[in-house]
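Here is the structure we will look at, set down as structure tokens.
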Amino acid sequence: MDNSIYKKCEVCGQEKHISEFSKSYRNRCKACVAEHTREVRAAGKLTARVKATGETLEVEPSGTMQISCGSFITKDGRRIPITALEFEKEIDWEQRRYEIAKGMLAACQSNADPNMFQMSMEEASKWAVEFADYLIEELKK
């Protein structure tokens, strides 16, 4: 196997040819990206708040354009322009966990005081993930 044209997917752990990797998520294979997208769409009941009234609605894209802006349809059939809605942002906690752990590991490695962090890469990695898990627990409260 030629290692220069194969790499390991960060999600499924399988080694695949680089042509099987997503261009958007460079360390994820297309199959894993597609599966993630399917899961998000299946769970993706969009909840929006009408800016003017504060009413919270479940909506879905209407697929049409009205006056140069997209609109959404509510369960009761009302068509509401996107500009009249505020959407709740879904947080991808697993992605957040990865970003926090990566940042902490980088901070650990680049610390100016070499005596402060005298641990192996394995220890530092475990510490960074534990830190990320703790921080996410606090953020979810």
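Cβ contacts < 8 Å: first residue more than 30 Å from S19 (Cβ to Cβ) and surrounded by fewer than 14 Cβ atoms within 10 Å (Cβ to Cβ), restricted to the range 31-60; second residue among the aromatic types (F, W, Y) and at pLDDT 75 or above, any location; separation 6+ or different chain. Result?
Close Cβ pairs satisfying both conditions: E60/F72.
Could you look through the range 26-51, keep only residues that are more than 27 Å from K75 (Cα to Cα) and not in a helix (DSSP H, G or I), and pick out the one that is modelled with the lowest pLDDT?
It comes out as R26.
Give the residue, chosen from S62, S71, that is modelled with pLDDT of 70 or more, more than 30 Å from N27 (Cα to Cα) and of a type in the set (G, A, S).
S71
Scan the range 81-94 and report the pairs whose first residue is farther than 19 Å from L135 by Cβ and in a loop (DSSP other than H, G, I, E, B) and whose second residue is at pLDDT 80 or above and open to solvent by 80 Å² or more (accessible area, probe 1.4 Å), with Cβ atoms within less than 9 Å and a gap of 6+ or a chain change.
Every condition considered, the pairs that remain are E88/R49; E88/T56.
Cβ-Cβ distance below 7 Å, separation of 6 or more or different chains: which pairs start in the range 122-141 with a residue that is closer than 12 Å to M104 by Cβ and end on one that is open to solvent by 80 Å² or more (accessible area, probe 1.4 Å) and among the aliphatic types (A, V, I, L, M)?
none
For the structure I just gave you, tell me whether F21 is in contact with a helix residue (DSSP H, G or I) (Cβ under 9 Å, 6 or more places away or on another chain) and at pLDDT below 85.
Taking the combined requirement at face value, the residue does not satisfy it.
Working carefully through the options E10, E99, find the one that is closer than 26 Å to E137 by Cβ, at pLDDT 70 or above, part of a loop (DSSP other than H, G, I, E, B) and open to solvent by 70 Å² or more (accessible area, probe 1.4 Å).
One residue alone meets the criteria, E10.
The values are calculated or read from the model by the stated rules, or taken from the named source; none is laboratory data. All figures in this text were calculated on a predicted structure; none of them were measured in a lab. Cβ atoms come from the backbone with ideal geometry, glycine included; neighbour counts cover every protein chain shown. Surface areas here come from the heavy atoms of the whole protein model, side chains and all, with no ligands, DNA or RNA. Shrake-Rupley method; radii C 1.70, N 1.55, O 1.52, S 1.80 Å.
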